[in-house]
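This report refers to the structure that appears directly beneath it.
Just so it is clear, none of the values below were taken in a lab; they were calculated from the coordinates. From a predicted model like this one, the values you see are computed outputs, not experimental measurements. Glycine gets a Cβ as well: all are built from the backbone with ideal geometry, and neighbour counts include every protein chain shown.
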Amino acid sequence: MDKHALADVNARNESAKRMRKIKAVVQWVLAIIVLLIIIFPIYWMLVSSVKSQEEILLPVPTLWPREFHFENYINVLNRGNFAKYYWNTAVMTAGILISQVVTGIFAGYGFSKGKFKGQGLCFVIVLGALMIPIQVTFIPLYIMIANWGLSDTFLGLILPDVVSPYYIFMLRQSFMAIDDSYVDAAKVDGLGRIGIITKVLAPMCKSTLFTVTLVTFTNGWNNYFWPKIIARGEKRRVLTIGLAYLQNTFAGNETMNNHEIMAGAVLAVVPVIILFFIFQKYMLTGYSKAAMK
Amino acid sequence: MKEKRMNPRKVSALKDFACVVPVLIFLAIFTYYPIVELIRISFTDWNLLKDTWQYVGFKNWEWLFNGSGTRYLWNSLRVTVLYSIGELAVTIVGGMLFALIFNRMNKAFGAMRAIVFMPKYVAMSSAAVVFLWILNTDTGILNYFLSLIGISPVDWLGNRNTALISVLMLTGWRCIGYGMMIYLSAMMGISTDYYEAAALDGANSVQKFFKITLPMLSPTTLFLFVTTFISSMKVFQSVDILTQGGPYRSTEVFVYNIYRYAMVDFRMDRASTVAIFFFVLLLLVTVATMKISKGNVTYDS
């Protein structure tokens, strides 16, 4: 009797073990297939960017370049004006980043640790702005900013993005999680508001601050809609727009210069992807943190 | 004469208020004021190519609902809804499937997850030109792969039946990893007690998924639904680079429609009218989805 029961349990354990093994194998196989599909466009972009023009037009594509033509990158930077677009993108992103961080930190403080009449109403005004995207307001914005003579300028590119309700909201939430006693203690120590923000609140919310700022950087760098509207000339064109124009820059059939377009695409994503790999931990949670409210 | 000192409480409140004033001013000028302007412009005949303009009453609204603009309004509404359904399906169904596939906690899977999530950080414009190249009819690699299994070349972006699908391929590539990450972090929050209890009752993994995982993830699903729906309605960039709304307006989503009136035709009046309609639509969708989200969700309590 006992022996039978034991054998039964053993058999069940055996089959459960086998099931788990099969499940693991299936999971690995599916994961690798999915991974290959997802990674392919990135691989194809990199490989195509170093091919020669003849090779890229072959009827049977080569999965690995025969020769490496790194001069494609030089061509894009010089002939395609990408060096200038880089500068424009960097300045625009820096402007957006700095202004959103500064306005966001102060407003985040005001809405969490500050006390004043109408605080609730003011915060509703900020949250309400989340519901008004630039895709709705761009027409009056364009007319207004162009009338100020700011089309094709850095200021024009940055102005609509100086304040980010999302950034303020995130900072307010994380400042609120900090106990008031820290702030009171800092006040007793004679710290002013700027001192409280820079010496107490910001260091305690380092990871949120950093994550949200990374998201802001990425959004700024990849910004497309507004630059397309306000910087229609060449002078302050940014990378994302320049890339879309690249097809027209090199004369001829659009398929003729795909190697150089791919080089441009690589150049445009490199800064963000480098950040992604360095700060993976933050960037993986960046969007989901925003998600959990 | 001694200056009257202000109440320190009041001074403090004033300083706190000063912290948020710049933000309020900026939002007033660059977010709220444009809405007012938009309404005003919609009652004019403002064409950027003309020097003067005047108020014309409801002419633009008539044009939009009962005139030459109506057709394109319904067209862009239809395209946007189709696009939204596609993006929702990829993010929610695809994201869930991916979460199940990549739900294994070790270093290799961690690295794979990071790579699946990476496209979210690849600039849309870079991704779009890569897809333009992959989907190219004559020299694109997708058609080459298809030819290997005997399928003749598809004009992905030039055919009105496949153009929207092509746009969705790009969207799906960028969004699916995001859905996966959101679901995975929610899955890790589900207590293992439920699964152990179910195992004692003899439930198999399929039953466990439908009876435990899926219901427990419903707040996450709802969250993804609301945010993805609203952001998908604002799609522009992928359409702008891949198809410019074509062929025959088969990918002309709402924002592209507004953009075309404003920046191609320079009809600020018409563009503003459509923009207001779009704004109201966004608000309605937001309110409706918020309403639905109260109720219909299982919470762990």
Label the stretch A:136-197 by shape, choosing from rounded, prolate and oblate, from the square roots a ≥ b ≥ c of the eigenvalues of the Cα gyration tensor; if a/c is under 1.5 it is rounded, and otherwise prolate applies when a/b is larger than b/c, oblate when it is not.
prolate
In terms of the alpha carbon gyration tensor, root eigenvalues a ≥ b ≥ c, rounded if a/c is under 1.5 and otherwise prolate when a/b exceeds b/c or oblate, the stretch A:29-115 is oblate
Total formal charge among the other residues, if their Cβ is under 13 angstrom from that of A:Glu14, Lys/Arg +1 and Asp/Glu -1:
+4
Helices from chain A with mean Kyte-Doolittle at least 0.0 and a Cα length along the axis of 27 Å or more, per DSSP H: which?
A:2-48, A:82-112, A:258-278
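So if R0 is 45 Å, what FRET efficiency would A:Ile274 and A:Val188 give, r being the distance between their Cβ atoms, rounded to the nearest 0.05?
Calculated value: 0.55.
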As an exercise, identify the GluC sites (Glu not before Pro) in the stretch A:41-141 lying in DSSP coil whose Cβ has no more than 16 other Cβ atoms within 10 Å.
A:Glu67
Could you tell me the center-to-center distance, by alpha carbons, between the stretch A:71-98 and the stretch A:173-210 in angstrom?
37 Å
At most 11 other C-beta atoms within 10 Å and a DSSP loop state: those are the exposed trypsin sites (Lys or Arg not before Pro) I care about. Give me the longest piece of chain B that has none.
B:51-293
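From the helices alone, meaning DSSP H stretches of at least four residues, give me the mean residue ellipticity at 222 nm for chain B, per-run term -39500 (n - 2.57), in deg cm²/dmol to the nearest 500.
The helix-only estimate for chain B comes to -19000 deg cm²/dmol at 222 nm.
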For the stretch B:151-301, average projected area of the Cα convex hull in nm²
12.8 nm²
Phi-derived 3J(HN,Hα) across the stretch B:123-134 with the Karplus relation (6.51, -1.76, 1.60, θ = phi - 60°), rounded Hz, x for Gly and Pro, is 3, 4, 5, 5, 4, 5, 5, 5, 5, 4, 6, 5
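Over every pair of different alpha-carbon atoms in the stretch B:1-129, take the mean of 1/r and invert it; report that Kirkwood radius in Å.
One over the average 1/r among Cα pairs gives 21.9 Å for the stretch B:1-129.
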Using amide H atoms built 1.01 Å from N in the peptide plane, name the residues 5+ places from B:Thr44, or on other chains, whose amide H lies under 5 Å from its own.
B:Val56
Using alpha carbons only, how many angstrom separate the centre of the stretch B:159-183 from the centre of the stretch B:249-283?
23 Å
Calculated Rg and Dmax of the stretch A:2-48 using C-alpha coordinates, Å:
20.3, 68
